[in-house]
Each structure stands twice: as structure tokens, then as C-alpha cells.
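What follows is a short report on a single structure.
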Amino acid sequence: GYSACRGNVEPSFDACGNGLDEDCNGADARNPDQYEPNDTCDTAHWLGTDPDVTITATIDTAADRDDYYRFTAEDSASPLREYITLRLTNVPANADYDLYLYENLTSCRAGDPLAVSNLGRGEDEEISWGERFNFDDGGQYYVRVRRFLGNACFESYSLHVDGLD
């Protein structure tokens, strides 16, 4: 009779994210990274204060559409304009991931970004957001990596976050 398990036919490798159980372990494969769970604004992974970091992560399942990160920016009150710079690179070739920057938890939950980068399949994404003049832009910012197309949970992306400086 019919079974969700494909009988452990070749490949015995379970392609995660396709909703099929190729290796007959009872579930579609997952590939969670060290930042999970970070699939919502409320579970965003903490990156620190004014970070200058590059992380390597995965979109870990078919159900996972988003990875969220958060950091605190301190506005130095410098007369020079400061920027938050985000770069999403090494997007899997068959996938299209987009990049969002939110000003705070409320705007993150509301889906109201300060800036968006949504180029095509396999393209690197970049946001360079400049602070507002005569305004304290310090606070908690949220970054969203959105899987728009493609399942590639065994292929990592790189996200560079450079806080307000």
C-alpha cells in the first residue's frame, strides 16, 4: 500500500525542505543551525550592541520562511552620518532570499521595515540605512532573512551585520 515513506530508495539522503521522507525516519529532514529558534520577531537571535559580525546560517526546513536577528544600536551623536549596513551573501544558487531591516519589535511584528533588499534568485542582498539627522536612532533593530523561493536547507547563507557607526 501507499506510505509517506518512499521505501528508502536511492538516494538514501533525505532532501530537507521538500516535505518527503526519503530516508524513512518518519519525518522530512531538518538542518537547524546554532541560531534556531529564530523564526519570528519574538525569537530573534541576539547579535550584541553595534555588532560588526558575519554569521553563517541556514533556512532549516520547508516550513521555515524566515530567520530573525536583533541588535542594539547606540547613536554616538557624531556630526557625521552613521549607517547600519547589512549584507546577505552566499545565497544558494537555486534560491531567492530577501533582506529586511526593522526599527524595533513593534515595526518587526507589523511587517513595517525601514529598508528592504529583494533582488532575484541567487543574488546578494545589501541594505545601507543612514541615520536620521537631529534624531536619536539608538535602540533595538531587527533583521529578517526571508526565503522567497527555493529550498536549500543544507546550503548556508552568510549575513554580515554592521551596527550604527
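Here's a check for you: in the stretch 11-37, which residue that is hydrophobic (A, V, I, L, M, F, W, C) and either on the phi > 0 side of the Ramachandran plot or buried (at least 16 other Cβ atoms within 10 Å of the Cβ) (or both) is modelled with the highest pLDDT?
Step one: filter the stretch 11-37 for residues hydrophobic (A, V, I, L, M, F, W, C), giving 13, 15-16, 20, 24, 27, 29.
Adding the requirement that they be either on the phi > 0 side of the Ramachandran plot or buried (at least 16 other Cβ atoms within 10 Å of the Cβ) (or both) leaves 15-16, 24, 29.
Values: Ala15: 64, Cys16: 66, Cys24: 76, Ala29: 67.
Of everything passing the filter in the stretch 11-37, Cys24 is modelled with the highest pLDDT.
Of all residues in the stretch 53-77, count the ones that are assigned to a strand (DSSP E or B), out of contact with any Phe, Trp or Tyr (no Cβ under 6 Å at 6 or more places or on another chain) and among the aliphatic types (A, V, I, L, M).
Residues in the stretch 53-77 being assigned to a strand (DSSP E or B), out of contact with any Phe, Trp or Tyr (no Cβ under 6 Å at 6 or more places or on another chain) and among the aliphatic types (A, V, I, L, M): 2 in total.
Show the residue pairs that are 6+ apart or on different chains and have beta-carbon atoms under 7 Å apart, the first residue being within the stretch 140-157 and closer than 16 Å to Val116 by Cα, the second being among the acidic types (Asp, Glu) and modelled with pLDDT of 90 or more.
Cβ pairs passing all conditions: Tyr141/Glu103; Arg144/Asp66; Val145/Asp66; Val145/Asp67; Arg146/Asp66; Arg146/Asp98; Phe148/Asp96; Phe148/Asp98.
Select from the stretch 124-162 the residues that are open to solvent by less than 20 Å² (accessible area, probe 1.4 Å), among the acidic types (Asp, Glu) and within 15 Å of the chain's Cα centre (by Cα) and list them in ascending order. Steps first, answer last, please.
First pass over the stretch 124-162, keeping only residues open to solvent by less than 20 Å² (accessible area, probe 1.4 Å): 125, 127, 130-131, 137, 141-143, 145, 147, 152-153, 157-159, 161.
With the extra rule that they be among the acidic types (Asp, Glu), the set shrinks to 125, 131, 137.
Result: Glu125, single match.
Looking only at the stretch 102-123, which residues are under 14 Å from Phe148 (Cβ atoms) and open to solvent by 20 Å² or more (accessible area, probe 1.4 Å)? Walk me through how you get there before you give the answer.
Within the stretch 102-123, the first condition is being under 14 Å from Phe148 (Cβ atoms), and the residues that meet it are 116-123.
Those that are under 14 Å from Phe148 (Cβ atoms) and open to solvent by 20 Å² or more (accessible area, probe 1.4 Å): Val116, Asn118, Leu119, Gly120, Arg121, Gly122, Glu123.
Of the residues that sit in the stretch 142-162 and are more than 11 Å from Thr58 (Cα to Cα) and aromatic (Phe, Trp, Tyr), which one is modelled with the highest pLDDT?
Tyr142
Among the residues of the stretch 38-52, which ones are hydroxyl-bearing (Ser, Thr, Tyr) and either open to solvent by less than 60 Å² (accessible area, probe 1.4 Å) or assigned to a loop (DSSP other than H, G, I, E, B) (or both)? Break it down stepwise before answering.
Filtering the stretch 38-52 for residues hydroxyl-bearing (Ser, Thr, Tyr) gives 40, 43, 49.
Across the stretch 38-52, the qualifying residues are Thr40, Thr43.
Could you tell me how many of the residues in the stretch 59-76 are open to solvent by 10 Å² or more (accessible area, probe 1.4 Å) and either hydroxyl-bearing (Ser, Thr, Tyr) or more than 13 Å from the chain's Cα centre (by Cα) (or both)? Spell out the reasoning first.
Within the stretch 59-76, the subset open to solvent by 10 Å² or more (accessible area, probe 1.4 Å) is 61-63, 65-66, 68, 70, 72, 74-76.
Pick out the ones that are also either hydroxyl-bearing (Ser, Thr, Tyr) or more than 13 Å from the chain's Cα centre (by Cα) (or both) and you get 61-63, 68, 72, 74-76.
The qualifying residues number 8.
Output the qualifying pairs, or none if there are none: Cβ atoms under 8 angstrom, residues six or more apart or on different chains, first residue in the stretch 59-75 and among the aliphatic types (A, V, I, L, M), second residue surrounded by 22 or more Cβ atoms within 10 Å (Cβ to Cβ) and not in a loop (DSSP other than H, G, I, E, B).
Taking only residues 6 or more apart or on different chains, the pairs are Ile59/Asp67; Ile59/Tyr97; Ile59/Val145; Ile59/Arg147; Ile59/Tyr157; Ala73/Ile84; Ala73/Tyr141.
Out of all the residues in the stretch 53-92, which are within 24 Å of Thr106 (Cα to Cα) and β-branched (Val, Ile, Thr)?
Hits for the stretch 53-92 are Ile59, Thr72, Ile84, Thr85.
Restricting attention to the stretch 78-101, report how many residues are assigned to a strand (DSSP E or B), under 13 Å from the mean Cα position of the chain (by Cα) and buried (at least 19 other Cβ atoms within 10 Å of the Cβ).
Let us first name the residues in the stretch 78-101 that are assigned to a strand (DSSP E or B), namely 83-89, 96-101.
Applying the additional criterion that residues be under 13 Å from the mean Cα position of the chain (by Cα) yields 86-89, 96-101.
Cutting the leftovers down to buried (at least 19 other Cβ atoms within 10 Å of the Cβ) gives us 86, 88, 97-101.
Matching residues across the stretch 78-101 total 7.
The values are calculated or read from the model by the stated rules, or taken from the named source; none is laboratory data. Predicted, not measured: the structure shown is a model, and the values here were computed from it. Cβ coordinates were reconstructed from backbone atoms using ideal geometry, including for glycine residues, and neighbour counts include every protein chain displayed. Keep in mind that these areas ignore ligands, DNA and RNA; they rest on the heavy atoms of the full protein, side chains included. Shrake-Rupley method; radii C 1.70, N 1.55, O 1.52, S 1.80 Å.
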